[in-house]
Amino acid sequence: MEPLTEQEIRAAFLNCTKGEAKRLSVPRDLAERPWGDLDFLGWRDPQAPDRAYLVTEWSDGRPRAVALRGAGATVGHARRSMCSMCLTTHSGGVSLMVAPKAGKAGQQGNSIGAYICSDLACSLYVRGKRDAGVGARLHETITLEEKIRRTVANVAAFVAKVGTA
Ligand SMILES: [Zn+2]
């Protein structure tokens, strides 16, 4: 994806108030992020480890960002779980993340949940740039491009469910 500025990221949030979007912590090292290898930028709030955020490009050229609440503990330490975005399997490295829906639906308490890599580094797992351990990848015959396209589609579907108005 194309590099984004802090301002662009803050303006892209769909499911939190303008005040929250202004205050939430955006990574300080945006310039050093491996944008060329990212399908979306995801990060954890260093001040509030149960909070996570992701921002992705959208078809109209304006990025979309989603605020997430992750369960502090990862799902099943012994059990292997699969990320629903990139389909990487980790033992203990996948979290159930919940996003309040945008607008009125969110104010009424509606939310969307998904199992996502706890470090939100799906793009790097897909490209083999981060290792999730033995047996982390499904044995698949599809190409890297297809895996990337699938991850992008999964993230877009998740963001669309939150609401992209
Ligand atoms: Zn993932």
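Only helices enter the 222 nm calculation for the chain: every DSSP H run of n ≥ 4 contributes -39,500 (n - 2.57), and dividing by all residues gives -6500 deg cm²/dmol, rounded to 500.
Of C117, A99, V26, which is farthest along the charge dipole of segment 6-162 in the positive direction, counting Lys and Arg as +1 and Asp and Glu as -1 at C-beta? Going by the Cα projections, it comes out as A99. The phi-based Karplus calculation (6.51 cos²θ - 1.76 cosθ + 1.60; θ = phi - 60°) puts the 3J(HN,Hα) values of segment 118-124 at 4, 8, 6, 9, 3, 4, 6 Hz, whole numbers, x for Gly and Pro. Tilt of helix 144-162 relative to the longest C-alpha principal axis of the chain, in degrees (0 to 90, nearest 10)? That helix lies at roughly 30 degrees to the long axis. Set the Cα radius of gyration of the chain against 2.2 N^0.38 Å, with N its number of residues, and you get 0.99.
Of all lysines in the structure, the ones whose alpha carbon falls short of 16 Å from that of K104, not counting any fewer than 8 places away in one chain, are K18, K161. A cut-off of 5 Å between modelled amide H atoms, ignoring neighbours fewer than 5 places along the same chain, links N15 with A67. Sorted ascending by nearby beta carbons within 10 Å, beginning with the fewest, L144, L68 become L144, L68. Once C-alpha pairs closer than 8 Å and six or more residues apart are averaged by separation and normalised to the residue number of segment 6-162, the relative contact order reads 22 percent.
In order along segment 38-53, phi translates into HN-Hα couplings of 9, 8, 7, 9, x, 8, 9, 7, x, 7, 9, x, 7, 9, 9, 9 Hz, rounded to whole numbers, per the Karplus curve 6.51 cos²θ - 1.76 cosθ + 1.60 with θ = phi - 60° and x for Gly and Pro.
Database remark: amide H of R33 closer than 5 angstrom to no amide H (H placed geometrically; neighbours at sequence offset of 5 or more, or on other chains; Pro and chain starts carry no H). The H on the amide N of C86, modeled in the peptide plane, is under 5 Å from the matching H of C117, each at least 5 residues off or on a different chain. Taking the Cα centre of the chain as origin and assigning +1 to Lys and Arg Cβ atoms and -1 to Asp and Glu Cβ atoms, the resulting dipole is close to 500 debye. With r defined as the distance between the Cβ atoms of A105 and S25 and R0 fixed at 25 Å, what FRET efficiency is calculated, to the nearest 0.05? The calculated FRET efficiency here is 0.45.
Every number here is computed from the coordinates shown, using simple stated rules; none is lab data. Computed from a prediction, not measured in an experiment: that's the story for all the values here. Cβ coordinates were reconstructed from backbone atoms using ideal geometry, including for glycine residues, and neighbour counts include every protein chain displayed.
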